[in-house]
1. Kirkwood hydrodynamic radius, computed over distinct alpha-carbon pairs, for the range 122-246: how many Å, to one decimal?
2. Using the Kirkwood radius over C-alpha pairs as Rh, can you work out the diffusion coefficient of the range 25-82 via Stokes-Einstein at 10 °C, viscosity 1.306 mPa s, in µm² per second?
3. In sequence order, what are the phi-derived ³J(HN,Hα) couplings for the range 35-47 according to the Karplus relation 6.51 cos²θ - 1.76 cosθ + 1.60 with θ = phi - 60°, rounded to whole Hz, with x for glycine and proline?
4. What is the helix-to-structure angle for 108-117, meaning the angle in degrees between its Cα long axis and the longest Cα principal axis of the chain, kept from 0 to 90 and rounded to the nearest 10?
5. How compact is the range 50-173 by the rule of thumb for globular proteins, expressed as Cα Rg over 2.2 N^0.38 Å?
6. What does the accessible area per residue of the chain come to in Å², with a 1.4 Å probe and no ligands, DNA or RNA counted?
7. Between 0 and 90 degrees, rounded to the nearest ten: what's the tilt of helix 186-202 against the longest Cα principal axis of the chain?
8. Go through the range 156-246 and name the chymotrypsin sites (Phe, Trp or Tyr not before Pro) that are in a DSSP coil and have 12 or fewer other Cβ atoms within 10 Å of their Cβ.
Amino acid sequence: MSNSTLTSNPAIITIDGASGAGKGTLTTRLADTLGYAMLDSGALYRIVGFMANEQGLLDDNSDDTLLEEKLANLTQSLTIHFQKAKQNSEHISVIVNEQDISDFIRTEKVGEYASKVAVFPKVRTALLDLQKNMAVGVKGLVADGRDMGTVVFPNAPLKIYLVASAQARAERRFNQLKNAGKTADYNEVLAQIIARDERDSSRAVAPAKPADDAIVIDSSVLNAEQVFAQVWQLCQERLCQERNLV
Ligand code: DC
């Protein structure tokens with residue numbers, strides 16, 4: 001498939017699923033291969049979680065309605081940019097209110113804050129246009145998250161939902177932490193993953209779940225290369241079909 005065949009409308013590929021299932025690796029590789037833009041929607045919720053914690057909102061004892069209002073106001077007040085750190089670099093810097101906070105938002109703790117603020121519908125609404133606008137003026141977009149296929153881009157021609165057992169994901173995360181020279185406790189990592197899954201999939205609004213037309217891939221026993229190969233095949237079939245090119 002030549003990339004020029006996909007230039008008419010923005011071609012959107014959604015990659016949803018639980019944390020640690022390999023969404024980020026797959027999204028980056030697909031976007032690079034196709035020359036598409038990339039949306040890391042988890043980073044947006046991490047930004048809100050991080051800023052909310054900085055401002056003491058997560059220790060706030062206000063009732064949920066007031067807290068939701070404060071979080072929505074905070075979200076609306078943020079100026080957010082994603083920026084490639086260097087030309088040809090895979091690293092994307094996250095700039096919030098002109099400050100680079102990339103190094104602060106990737107921790108497990110901020111993942112938990114993100115999951116907590118993400119349950120509030122008004123926070124989700126405040127981030128919706130920003131996400132939709134990522135598909136404007138680009139030839140294609142690969143969007144990574146929990147509700148990309150169900151809420152943000154419901155008309156995307158190719159929707160993938162990656163699943164993997166909590167144990168497989170915990171093992172990967174544990175090894176990543178160990179390889180980075182950090183101390184980690186496997187059972188603690190597993191417990192965090194299970195707690196985050198539970199919150200993300202049981203919330204009332206935009207719960208993490210596959211869209212009816214999503215293709216579910218279990219990455220528990222597949223490596224990143226095998227997952228990419230499966231999705232690449234689907235990409236060729238679905239995106240070309242969508243444009244009546246096959
Ligand atoms: O993908 P991630 O681990 O960076 O996401 C962090 C949290 O943000 C995740 O636990 C739930 C929330 N999130 C969400 O609710 N909707 C999305 N589209 C992406 C992330």
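The values are calculated or read from the model by the stated rules, or taken from the named source; none is laboratory data. Just so we're clear, the structure is a prediction, and the values are computed from it rather than from any experiment. Using ideal geometry, Cβ is built from the backbone for each residue, glycine included, and neighbour counts are taken over all protein chains shown. Ligands, DNA and RNA are excluded from the accessible area calculation, which covers all protein heavy atoms including side chains. Shrake-Rupley method; radii C 1.70, N 1.55, O 1.52, S 1.80 Å.
1. Averaging 1/r across every pair of different Cα atoms and inverting gives 16.8 Å.
2. Rounded, D is 119 µm²/s.
3. Result, ordered by residue: x, 9, 6, 10, 10, 9, 5, x, 4, 5, 5, 5, 4 Hz.
4. Taking Cα atoms only, the helix is inclined about 90 degrees.
5. 1.18
6. Heavy-atom SASA per residue in the chain reads 51 Å².
7. 80 degrees
8. none
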